[in-house]
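Chemist: The structure under discussion is supplied below as structure tokens; questions concerning it will follow.
The values are calculated or read from the model by the stated rules, or taken from the named source; none is laboratory data. The shown structure was predicted, so the numbers you read here are calculated from the model rather than taken from an experiment. Cβ coordinates were reconstructed from backbone atoms using ideal geometry, including for glycine residues, and neighbour counts include every protein chain displayed. Heavy atoms of the whole protein, side chains included, go into the accessibility calculation; ligands, DNA and RNA do not. Shrake-Rupley method; radii C 1.70, N 1.55, O 1.52, S 1.80 Å.
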Amino acid sequence: MYKTIKLLARSMLDSFRDLLPIILVIGFFQLFVLQQPIPNMFDILVGTFFVVLGLTFFIYGLEMGLFPIGESMANAFARKGSVSWLLIFAFALGFGTTVAEPALIAVASEAADVAANAGMIENYDQSKASYAYGLRMTVAFSVGLAIVIGVLRIIKGWPIHYLIIGGYVLVVIMTAFAPREIIGIAYDSGGVTTSTITVPLVTALGVGLASAIRGRNPMIDGFGLIAFASLTPMIFVMGYGMLI
């Protein structure tokens, strides 16, 4: 119990240290550049405390739960020797974590509202919900496929730079043909998929798998899955825009 409290206290101190530059920047510009007092000082202090507390529990939870389970499942699949089940798990993990990503839900909802106001879709709740749902499913499917490609890269030892360069060449080509209204959404979709839920589990999967396969270096081969998860949504969302 004492050890847990000590670790939590250390994590809280680390979280505050991470947030300190943001606090200093905001305070400097508010007091010395704008030369205005900080409004609602008590609310800001309480909110900052909750941010530190939430970040502490989140990081501690990752270290205690998500990272170990991701690595242990990757090791178990590698020992099992079933590539097909490993690929199915990789797709399901990428798809499931992306569907649950709060940032993607927010962006898809905002994109549906803007599309309705711009006349791209009918301005009805059902039309907007259908558009947002289709966008979410497209991004989730693309991330699932991206994790499958990343896992195959680790298994086969493919060079990552060739795959990434080829993917971005395809992005540039598709940008020339995709509707202008969907390009910004597509680019943002590549960013929102690499957030609080997706990154820890996918990273743990890559590192665990590279550690379990003989001849693979976790530092060289274990990382890179997130790059695929950022790349493929841009391709698929632009394709979704072309079809819609």
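Chemist: Go through region 107-148 and report how many residues are in a helix (DSSP H, G or I) and in contact (Cβ under 8 Å) with a residue 24 or more places away in the chain. Before the answer, list the steps.
Modeler: Narrowing region 107-148 to residues in a helix (DSSP H, G or I): 107-117, 125-148.
The next check asks that each one be in contact (Cβ under 8 Å) with a residue 24 or more places away in the chain; those that pass are 107-108, 111, 115, 131-148.
So the count comes out to 22.
Chemist: Here's a follow-up. Within the set of pairs 6+ apart or on separate chains, which have a first residue in region 91-104 that is over 13 Å from Leu145 (Cβ atoms), a second that is not in a helix (DSSP H, G or I), and C-beta atoms under 7 Å apart?
Modeler: Close Cβ pairs (under 7 Å, with a partner that is not in a helix (DSSP H, G or I)) amount to Thr97/Ile197; Ala100/Ile197; Glu101/Thr193; Glu101/Ser195; Glu101/Ile197; Ala103/Ser195; Leu104/Thr193.
Chemist: Give the residues of region 175-194 that are in a helix (DSSP H, G or I) and crowded, with 20+ Cβ neighbours inside 10 Å, sorted by residue number. First the steps, then the outcome.
Modeler: Start the filter on region 175-194 by keeping residues that are in a helix (DSSP H, G or I), which leaves 175-177, 180-192.
Residues satisfying the conditions are Ile182, Ile185, Ala186, Ser189, Gly190, Val192.
Chemist: Among the residues of region 149-168, are any in a helix (DSSP H, G or I), crowded, with 17+ Cβ neighbours inside 10 Å, without any contact (Cβ under 8 Å) to a residue 60 or more places away in the chain and not hydroxyl-bearing (Ser, Thr, Tyr)?
Modeler: Looking through region 149-168, none of the residues is in a helix (DSSP H, G or I), crowded, with 17+ Cβ neighbours inside 10 Å, without any contact (Cβ under 8 Å) to a residue 60 or more places away in the chain and not hydroxyl-bearing (Ser, Thr, Tyr).
Chemist: Kindly check whether there is at least one residue in region 209-220 that is open to solvent by 40 Å² or more (accessible area, probe 1.4 Å), modelled with pLDDT under 90 and under 22 Å from Thr97 (Cα atoms).
Modeler: no
Chemist: Here is a further query. Anything in region 73-106 that is of a type outside the set (D, E, K, R) and outside any helix (DSSP H, G or I)? List them, or say none. Explain how you work it out, then say what you get.
Modeler: Filtering region 73-106 for residues of a type outside the set (D, E, K, R) gives 73-78, 81-100, 102-106.
Correct list: Gly81, Ser82, Ala100.
Chemist: Among the residues of region 51-69, are any of a type outside the set (A, V, I, L, M, F, W, C), surrounded by 11 or more Cβ atoms within 10 Å (Cβ to Cβ), touching a residue at least 24 places away in the same chain (Cβ under 8 Å) and farther than 26 Å from Ala212 by Cβ?
Modeler: yes
Chemist: Across region 215-244, what is the total count of residues that are of a type outside the set (Gly, Ala, Ser), in contact (Cβ under 8 Å) with a residue 40 or more places away in the chain and not in a helix (DSSP H, G or I)?
Modeler: Result for region 215-244: 2.
Chemist: Before we move on, is Ile165 at pLDDT 90 or above, out of contact with any Phe, Trp or Tyr (no Cβ under 9 Å at 6 or more places or on another chain) and not charged (D, E, K, R)?
Modeler: Against the criterion (at pLDDT 90 or above, out of contact with any Phe, Trp or Tyr (no Cβ under 9 Å at 6 or more places or on another chain) and not charged (D, E, K, R)), Ile165 qualifies.
Chemist: Please go through region 105-148 and give me each residue that is β-branched (Val, Ile, Thr) and open to solvent by 50 Å² or more (accessible area, probe 1.4 Å), ordered by number. First the steps, then the outcome.
Modeler: The initial filter retains those residues of region 105-148 that are β-branched (Val, Ile, Thr), namely 105, 107, 114, 121, 138-139, 143, 147-148.
If the condition is that a residue be β-branched (Val, Ile, Thr) and open to solvent by 50 Å² or more (accessible area, probe 1.4 Å), then Ile105, Val114 are the ones that fit.
Chemist: Restricting attention to region 182-232, which residues are under 21 Å from Tyr162 (Cβ atoms) and of a type in the set (A, V, I, L, M)?
Modeler: Val202, Leu209, Ala210, Ile213, Met219, Ile220, Leu225, Ile226, Ala227, Ala229, Leu231
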